[in-house]
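Notes follow once the structure below has been shown.
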């Protein structure tokens with residue numbers, strides 16, 4: 001199997017790497033964190049100008065018709081630069097729902113705004129007791145004529161503070177953990193009955209807890225079948241997991257580079273600590289962990305195209321397991337080899353570890369996905 005990038009993919013990689021090198025150093029990131037919503041509108045516009053926000057959308061919808069490999073390239077670059085902007089929430093997740101389940105009218109109404117950078121989204125899915133189960137939904141969407149009335153609470157909604165629209169999972173029928181009766185709805189973020197509590201997360205992003213009280217939306221707000229939307233949700237979340245795997249590889253790769261550079265310059269007993277054989281062995285183990293993660297990220301990217309939902313889910317879960325193991329090892333070793341400075345807010349390496357830790361717990365941690373692989377009869 002050929003794992004080399006095509007000429008167009010190499011150009012994409014060079015383009016996004018060049019853009020982020022020019023506009024996203026660590027000091028600039030600190031400034032972007034202080035902007036409303038915790039990210040830079042100027043950087044978001046630059047991503048739009050380079051066509052990065054339109055990559056996965058079909059040419060008929062104004063996009064470039066790119067696939068999973070292109071998303072992997074972009075997400076890895078975003079990870080290396082510790083980017084704060086809501087690419088995952090808007091392009092990967094919201095864009096995924098529109099691509100896989102949106103009507104022509106929904107695509108026409110929302111895709112152009114994503115592509116030109118004028119509209120961002122947030123995915124309101126997590127509930128207080130749902131953990132990682134996508135079908136565990138207590139938020140309700142009750143029929144009212146041709147409309148739906150949404151009531152419930154969603155937590156840790158990334159980009160929830162700034163989003164122009166929300167992608168909301170809500171139950172149209174059945175009990176809390178039934179796998180049928182779950183729908184997906186497009187809800188304007190300023191709809192009457194929505195209240196938000198915004199806060200920064202541990203990795204520097206911003207999230208919001210959102211309460212829906214009698215929020216009425218037109219029937220056309222439903223994406224796909226409102227009584228049987230779980231398969232669509234699982235498909236899009238698997239895409240998001242694959243994208244997170246790629247972002248984690250970028251973070252780990254940069255963590256390794258930062259650590260190797262540090263031990264080359266940090267001196268103890270009059271010599272660089274990188275000359276100590278034990279530390280060289282640890283750096284070598286970090287390299288192996290990064291390359292294992294990179295291989296599984298590529299596997300997850302290929303698996304995102306699987307038509308068999310069970311095989312796709314098992315492959316993505318296996319990738320998330322290896323990513324979780326690698327990121328924990330690389331992150332912990334990076335901090336330890338930096339010593340006390342690695343624990344300070346001023347040191348970039350600590351911020352990489354925080355983001356890696358949050359990725360490990362997003363859409364299922366390592367133990368959760370290990371159980372999924374085991375239940376599916378696979379081996380890790």
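Throughout, read-outs are computed from the coordinates displayed, never taken from laboratory work. Everything numeric here is computed off the predicted structure, so don't read it as measured data. Here the Cβ positions follow ideal geometry from the backbone for every residue, glycine too, while neighbour counts run over all protein chains shown.
How would the range 191-304 be classified by its alpha-carbon gyration tensor: rounded, prolate or oblate, with rounded meaning a/c under 1.5 and the a/b versus b/c comparison settling the rest? Oblate is the answer for the range 191-304, as a/c is 1.5 or above yet b/c matches or exceeds a/b.
Ranked by the mean number of other Cβ atoms within 10 Å of their residues, highest first, the peptides 169-179, 43-53 come out as 43-53, 169-179.
Against the compact-protein benchmark of 2.2 N^0.38 Å, the Cα-based radius of gyration of the range 88-148 scales to 1.34.
Taking the average, over residues, of other Cβ atoms within 10 Å as the packing measure, peptides 193-205, 222-234 rank 222-234, 193-205 from highest down. One quarter of the surface of the convex hull around the alpha-carbon atoms of the range 113-205 equals 7.2 nm², the direction-averaged projected area. Its alpha carbons considered, the range 1-107 gives a radius of gyration followed by a Dmax of 14.5, 45 Å.
Relative to the longest principal axis of the Cα atoms of the chain, helix 230-265 runs at roughly 20 degrees.
So, in Å, what gap is there between the alpha-carbon centers of the range 312-377 and the range 54-109? The range 312-377 and the range 54-109 have Cα centres separated by 24 Å. At q = 0.10, 0.12, 0.13, 0.19 Å⁻¹, work out log10 I(q)/I(0) for the range 230-375 with the Debye formula, treating every Cα as an identical point scatterer and leaving solvent out; two decimals please. Relative scattering, expressed as log10 I(q)/I(0), comes to -0.38, -0.51, -0.58, -1.01. Seen from a random direction on average, the alpha-carbon convex hull of the range 36-169 projects onto 9.1 square nanometres. The stretch between residue 146 and residue 231, if pulled fully straight at 0.36 nm per residue, gains 28.2 nm over its current Cα-Cα span.
Compared with the dominant Cα axis of the chain, that is its longest principal axis, helix 309-338 is turned about 40°.
The long axis of helix 348-360 is offset from the longest Cα principal axis of the chain by roughly 40 degrees.
Quick check: from the Cα gyration tensor, does the range 172-240 come out rounded (a/c under 1.5), prolate or oblate? List each step's numbers first, then the result.
Details: a/c = 1.98, a/b = 1.29, b/c = 1.53.
It is oblate, given that a/c is not under 1.5 and a/b is not larger than b/c.
Restricting to the chain, compute how many DSSP beta bridges are antiparallel as a %, nearest 5. Could the numbers behind the result be given before it?
Numbers: 31 of 36 bridges.
Counting DSSP beta bridges with both partners in the chain, the antiparallel share is about 85 percent.
Each peptide in 303-316, 108-121 gets a packing score, the mean of other Cβ atoms within 10 Å over its residues, and the list from highest to lowest is 108-121, 303-316. Once C-alpha pairs closer than 8 Å and six or more residues apart are averaged by separation and normalised to the residue number of the range 7-119, the relative contact order reads 32 percent.
Given a 10 angstrom Cα cut-off, can you work out which residue in 275, 71, 138 is the most mobile in a GNM of the chain? It is 275. Per residue, the convex hull spanned by the Cα atoms of the range 306-380 amounts to 84 cubic angstrom.
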